[in-house]
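Novice: One structure, pasted below without further comment.
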Amino acid sequence: MQLGLSYKRYQLDIPPAVWSEFFDRLTDENRGRLITLKQLDDQLGDFEVLRHTPLYAITYDRPDCGSDLVVTVGRPQGLGEATYAHRVVCPQAVSIVTDEDGVVLSCTITNRDQAQSKISFQS
């Protein structure tokens, strides 16, 4: 039996040298899009931090400015500005999964302790 997949997925590793510009563009293209944010950690366990919340911004401070990555979200229905921030201290790796059209489906950020923050974008 052959299963007809409706789309393909591609995983891409994003090099640290372009993180700042990459997250600026990702924010511009996805602000207001609903996200779910999960924390995946071998020591603390896995848990859902946010569910179905509109993205406000993802920003990265270069190593000379603190080397933190911050995910901020807004209120439902787009009221007001940022209402919650999730900080990833000293990120070490960033990877994304896209569909065949290049639309980002998820973004995984791994910190120096190998814990991961996974942002899933809703269609």
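Novice: For the chain, what does -39500 (n - 2.57) per DSSP helix run (n ≥ 4), summed and divided by total residues, give at 222 nm, in deg cm²/dmol to the nearest 500?
Specialist: Roughly -3000 deg cm²/dmol at 222 nm, from the helical runs in the chain.
Novice: Would you mind working out the magnitude of the charge dipole of the chain relative to its Cα centre, with +1 at each Lys and Arg C-beta and -1 at each Asp and Glu C-beta, to the nearest 20 Debye?
Specialist: Value, rounded to 20: 300 debye.
Novice: Heavy atoms only, probe 1.4 Å: what % of the accessible area of the chain goes to carbon and sulfur, would you let me know?
Specialist: Of all accessible area on the chain, carbon and sulfur atoms account for 48 percent.
Novice: So for Thr83, Thr36, what's the accessible-area order with a 1.4 Å probe, most first?
Specialist: Thr83, Thr36
Novice: Averaged per residue, what accessible surface does the chain expose to a 1.4 Å probe, in Å²?
Specialist: Per residue, the chain has an accessible area of 64 Å².
Novice: Given the options Ala57, Ala82, Ala17, which has the most mean-square fluctuation in a GNM of the chain, springs set between C-alpha atoms less than 10 angstrom apart?
Specialist: Maximum among the listed residues: Ala17.
Novice: Let me ask something additional. Relative contact order for the chain: what is it in percent, counting Cα pairs under 8 Å that are at least 6 residues apart?
Specialist: Rounded, it is 27 percent for the chain.
The values are calculated or read from the model by the stated rules, or taken from the named source; none is laboratory data. Just so it is clear, the structure is predicted and the values come from calculations on it, not from any experiment. Note: ideal-geometry Cβ built from the backbone for every residue, glycine included; neighbour counts use all protein chains shown. Heavy atoms of the whole protein, side chains included, go into the accessibility calculation; ligands, DNA and RNA do not. Shrake-Rupley method; radii C 1.70, N 1.55, O 1.52, S 1.80 Å.
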